[in-house]
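Remarks on the structure that follows.
The values are calculated or read from the model by the stated rules, or taken from the named source; none is laboratory data. These numbers come from a predicted model, not from an experiment. Positions of Cβ are backbone-derived with ideal geometry, glycine not excepted, and every protein chain shown enters the neighbour counts. What goes into the accessible areas is simple: the full protein's heavy atoms, side chains included, and nothing from ligands, DNA or RNA. Shrake-Rupley method; radii C 1.70, N 1.55, O 1.52, S 1.80 Å.
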Amino acid sequence: MGGYAAIRFGGKLDATAIAIAPQYSVDPKIMPEERRWLETVNLTYSQERRRPIEPLKCTIIFYDPFDAMDRRHVKRISQDTSVTEAAIPYAGHMAGVYLAEVGMLGKGILEIINGNFDALSFSHHARKRRRESAKYYEVLSALARCRHPEWALSLARKAAEICPSDAGPAHNLAQYHKERSEYAEAEFWEQKATELDPSNLLYQKCLAIILLEKKETIKCRTILENLMQAVPEEADYFHLMALSFRAEGRLSEALPLEEEAVARNPTRSLYQKDLASLRKELNNKIKNHRDGSEFIKKSSKPENNNFKHANFFIKILMNAFNKT
């Protein structure tokens, strides 16, 4: 939220604000369409609600005009203060990554500092170098995902090819293969993403999910155990661990883990639903086991033992044969 702060408070310093895909606000009462930061709904937004942005002497915003949400934010900012827009088509929300990949981020900042920045010319040159950016292919891939899945997959491969040392494109490609139930390829690319960026817990979680889909529950649990140690308050890790035991039919071990997931995030309906389903399945299993035990006890009594004659089955077969 650095760009947000520069624009919101830069006027007090008589500063030039430079921002990349900034937010006008994440307050749901001000920007109800913004759903990307739902964890912030309980914050206090008194500053934003009390007054608009104080006009700045210069505000320069780099953003993708085809990203609908970012476009809305820029429009709201421009209602409060004058904005110079540097449009970077198909850069997505991570327009800064795009500019860094094509070698123009530092160039643009220096031009602003030196007073010779031309937004139209800058956008034109950034556009000409788009094929050097993995982010460009990632954004195109996401746009093509529903209607042109094969093209989307090839674009995702191109992004991974351009930046083989970047974990992001590898993770993105893994998710495409997962959606297509190509779990071996998905595991390969997600494993690569975790190796390129070992500190990114999202990639590790996604790898655990892929392994769960492959029924490789032991490997899945090894990853989840590490994640639970790193972030013990994360409910999803307990939920996934419960699913791994449930996949093996170990319901009694899955139950307390799902209960822990619900305890950590009681508002998540998925956890509540799975917990109820798990309890029902476990109760049915116990009931069937009890009924089976009663049947064995009864059938073992002499008066209920139909197998006391060695030729019992032979007699049944002969009777059936005679009837035909």
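Taken per residue, the accessible surface of the range 176-284 reaches 53 Å², heavy atoms only and a 1.4 Å probe.
Listed values for the range 165-178 are Karplus-derived 3J(HN,Hα) couplings in whole Hz (6.51 cos²θ - 1.76 cosθ + 1.60, θ = phi - 60°), namely 9, 9, 6, x, x, 5, 4, 4, 5, 4, 5, 4, 5, 4, and x replaces Gly and Pro.
Phi-derived couplings, Karplus 6.51 cos²θ - 1.76 cosθ + 1.60 at θ = phi - 60°, listed residue by residue for the range 87-93: 6, 10, x, 6, 8, x, 5 Hz, with x used for Gly and Pro.
Between E150 and L270, full extension at 0.36 nm per residue minus the direct alpha carbon distance yields a gain of 40.1 nm. A Förster radius of 22 Å, combined with the Cβ-Cβ distance separating K57 from R127, puts the computed FRET efficiency at roughly 0.20. Stokes-Einstein diffusion for the range 149-261 at 4 °C, viscosity 1.567 mPa s, with a Kirkwood radius from C-alpha pairs, works out to 89 µm²/s. Surface composition of the range 49-162: carbon and sulfur make up 53 percent of the accessible area, probe 1.4 Å.
Among the protein heavy atoms, those of R264 account for about 90 Å² of accessible surface (1.4 Å probe, every chain in place). Applying a threshold of 25 Å to the alpha-carbon distances of K215/K285; K57/K107; K178/K205; K135/K215; K219/K285; K12/K135 flags K135/K215; K219/K285; K12/K135 as lying beyond it.
Rolled with a 1.4 Å probe across the full set of protein chains, the surface gives C58 an accessible area near 40 Å².
Could you calculate the contour length gain from S252 to A5, that is, 0.36 nm times the residue separation minus the distance between their Cα atoms, to one decimal place in nm?
Full-extension gain reported as 83.9 nm.
Potential lengthening of the chain between S82 and N226 amounts to 46.9 nm, from the contour at 0.36 nm per residue minus the alpha-carbon distance.
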